[in-house]
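The values are calculated or read from the model by the stated rules, or taken from the named source; none is laboratory data. This one's a predicted model, so the numbers in the text were calculated from it and none came from an experiment. Heads up, the Cβs are rebuilt from the backbone with ideal geometry, glycines too, and the neighbour counts pull from every protein chain shown.
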Amino acid sequence: MFIRRSPSRVIVLLGLVLMLSGLLPGFALAAAVPQPAPSSALPPPAIPLAEARIIVEGAIAYARERNVLMAAVVVDTSGNPITADRMDGVSFANATYAEGKAFASAISRQTTQTLSELAKTRPDRYFGIMGMYPGKVYLVGGGVPIVSNGRLLGAVGVAGLAQYEDEAAGRAGIAAWEKYRASRR
């Protein structure tokens with residue numbers, strides 16, 4: 001059986017063959033896309049896990065001195081958790097609250113106590129933040145940015161203590177971390 005081929009079919013067929021063989025430059029771009037670096041080549045985190053644990057342990061020491069219970073979370077600059085802990089007997093909800101405080105503090109670069117004041121002074125901003133990050137931020141005191149040499153490194157969030165004590169526990173954890181870093185110089 002003889003199939004008659006028109007010139008347009010031949011051109012389409014030839015274009016398809018060239019495209020599949022990678023000879024057309026526009027279609028060869030996919031092969032030229034650089035591959036991501038292996039995970040071992042990623043830069044180190046601003047706060048390594050061991051140092052984040054020092055912050056959490058410092059906050060827990062603060063709570064133990066006062067015979068109270070709490071949860072603490074340290075996040076990186078993007079608000080992603082590095083480490084989290086909750087003392088025995090602390091509600092799981094407090095761990096979620098602590099993470100929301102740390103996240104809010106990291107993304108806003110200020111304490112969540114300051115952010116909570118927006119409810120009174122700038123309700124549009126307060127509810128705007130809540131609306132932009134539903135279920136992710138918790139805008140009450142207890143989130144503190146972690147800053148070194150003027151550079152944001154992350155944040156700590158603490159939940160479960162009395163009003164204003166969460167922030168004090170977070171600051172105690174940061175103080176323990178700063179003491180550790182000063183001893184390493």
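Among the candidates Ala155, Ala119, Ala162, the residue that is out of contact with any Gly (no Cβ under 9 Å at 6 or more places or on another chain), assigned by TED's automatic domain parsing to the domain that holds Gly58 and not in a helix (DSSP H, G or I) is uniquely Ala162. Note on region 25-82: residues that are surrounded by fewer than 10 Cβ atoms within 10 Å (Cβ to Cβ) and modelled with pLDDT of 95 or more total 2. For Ser148, the requirement of being surrounded by 13 or more Cβ atoms within 10 Å (Cβ to Cβ), among the hydroxyl-bearing types (Ser, Thr, Tyr) and under 24 Å from Glu51 (Cα atoms) is met. Exactly one residue out of Ala168, Ala106 is modelled with pLDDT of 95 or more, surrounded by 13 or more Cβ atoms within 10 Å (Cβ to Cβ) and within 19 Å of Met87 (Cα to Cα): that is Ala168.
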